[in-house]
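Beneath this line is the structure, given in structure tokens, with notes to follow.
The values are calculated or read from the model by the stated rules, or taken from the named source; none is laboratory data. Owing to the predicted nature of the structure, the values given are computational and were not obtained by experimental measurement. Cβ atoms come from the backbone with ideal geometry, glycine included; neighbour counts cover every protein chain shown.
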Amino acid sequence: DQQVKQNSPSLSVQEGRISILNCDYTNSMFDYFLWYKKYPAEGPTFLISISSIKDKNEDGRFTVFLNKSAKHLSLHIVPSQPGDSAVYFCAASEGGATNKLIFGTGTLLAVQP
Amino acid sequence: DTAVSQTPKYLVTQMGNDKSIKCEQNLGHDTMYWYKQDSKKFLKIMFSYNNKELIINETVPNRFSPKSPDKAHLNLHINSLELGDSAVYFCASSQAGTGGIYGYTFGSGTRLTVV
């Protein structure tokens, strides 16, 4: 039973345009949501997070939006650059003593020059 | 100087063998994790240790046994390897209570292939 879902396995965007990556979740008790970026043969790298009590968090070219009523979050990358080409994982934190992160299956972003 | 380092990076072994994967972090974190990424690219938590104490133990076969000699190290030992154990195993670390805010720091992974 997947609690965090990324329904788009891949996305292709032109350089300079906006990339929008989407994620849905089922557990309303998650306290934080995170985005990770992963290059081939490397581990996932933390990008940005958002608290469940916020609806937006911005860090440079990366903005995460959270819609709690829809149980949906998205990552916007503006402008997209070829170096952004990677797999992006959405994750959710259960909080509490374990701080367990539950990951989606990832979306492969290809930014075309 | 790598923050979370795993060895080996690649491991090819025969069914039935026993193997270990080592993980070390130099970030001063007190919590470490093992994740498995299967052929469907699904990243699933296996174990977590906080200050050498097991705090997460997901539904994982008994053939998998984590060992944490100190808070900077978390090793994974796998007995009687099976074909289905083939996957990429990631070690990660975080400071307790901050995993949601700052995320985990992951190692580069160990690709295990069982033949």
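B:GLY99 satisfies every condition listed in (1) surrounded by fewer than 21 Cβ atoms within 10 Å (Cβ to Cβ); (2) under 19 Å from A:THR98 (Cβ atoms); (3) not hydroxyl-bearing (Ser, Thr, Tyr) except (1). Residue count for region A:87-102, restricted to those that are in contact (Cβ under 8 Å) with a residue 40 or more places away in the chain, at positive phi and out of contact with any helix residue (DSSP H, G or I) (no Cβ under 9 Å at 6 or more places or on another chain): 0. Within region A:29-56, residues that are closer than 25 Å to B:GLY107 by Cα reach partners that are charged (D, E, K, R) with beta carbons closer than 6 Å, at six or more positions or on different chains, in the pairs A:PRO44/A:LYS38; A:THR45/A:LYS37; A:LEU47/A:LYS37; A:ILE48/A:ASP59.
Summed over region A:52-80, residues that are touching a strand residue (DSSP E or B) at 6+ places or on another chain (Cβ under 6 Å) and over 16 Å from A:VAL13 (Cβ atoms) total 10. For residues that are assigned to a loop (DSSP other than H, G, I, E, B) and surrounded by fewer than 18 Cβ atoms within 10 Å (Cβ to Cβ), scanning just region A:41-51, find the one that is modelled with the highest pLDDT. Top of the filtered list is A:GLU42.
Of the residues screened, A:THR105 is one that is facing chain B (nearest Cβ under 9 Å), surrounded by fewer than 21 Cβ atoms within 10 Å (Cβ to Cβ) and in contact (Cβ under 8 Å) with a residue 12 or more places away in the chain. Number of residues in region A:25-40 that are more than 7 Å from chain B (Cβ to nearest Cβ) and either surrounded by fewer than 19 Cβ atoms within 10 Å (Cβ to Cβ) or at pLDDT below 95 (or both) equals 7. Within region A:83-100, does at least one residue satisfy the condition of being at pLDDT 95 or above, part of a loop (DSSP other than H, G, I, E, B) and more than 27 Å from B:SER108 (Cα to Cα)? No: zero hits.
Can you go through B:LYS44, B:LYS40, B:LYS36, B:LYS22 and tell me which one is within 30 Å of A:SER10 (Cα to Cα), surrounded by fewer than 21 Cβ atoms within 10 Å (Cβ to Cβ) and within 10 Å of the chain's Cα centre (by Cα)?
One residue alone meets the criteria, B:LYS36.
The set of residues from region A:59-102 being under 11 Å from A:VAL4 (Cβ atoms), more than 8 Å from chain B (Cβ to nearest Cβ) and surrounded by 22 or more Cβ atoms within 10 Å (Cβ to Cβ) comprises A:LEU73, A:CYS90, A:ALA92.
Among the residues here, A:SER19 qualifies as more than 10 Å from chain B (Cβ to nearest Cβ), in contact with a strand residue (DSSP E or B) (Cβ under 6 Å, 6 or more places away or on another chain), in contact (Cβ under 8 Å) with a residue 24 or more places away in the chain and polar (S, T, N, Q).
Somewhere in region A:60-78, is a residue in a strand (DSSP E or B), in contact (Cβ under 8 Å) with a residue 60 or more places away in the chain and out of contact with any Ser or Thr (no Cβ under 8 Å at 6 or more places or on another chain)? No - not one qualifying residue is present in region A:60-78. Within region B:67-89, one or more residues are within 14 Å of chain A (Cβ to nearest Cβ) and either under 14 Å from B:HIS29 (Cβ atoms) or not aliphatic (A, V, I, L, M) (or both). Scanning region B:28-55 for residues that are of a type in the set (A, V, I, L, M, F, W, C), more than 13 Å from B:ASP85 (Cα to Cα) and in contact with a strand residue (DSSP E or B) (Cβ under 6 Å, 6 or more places away or on another chain) yields B:MET32, B:TRP34, B:LEU43, B:ILE45, B:PHE47, B:ILE55.
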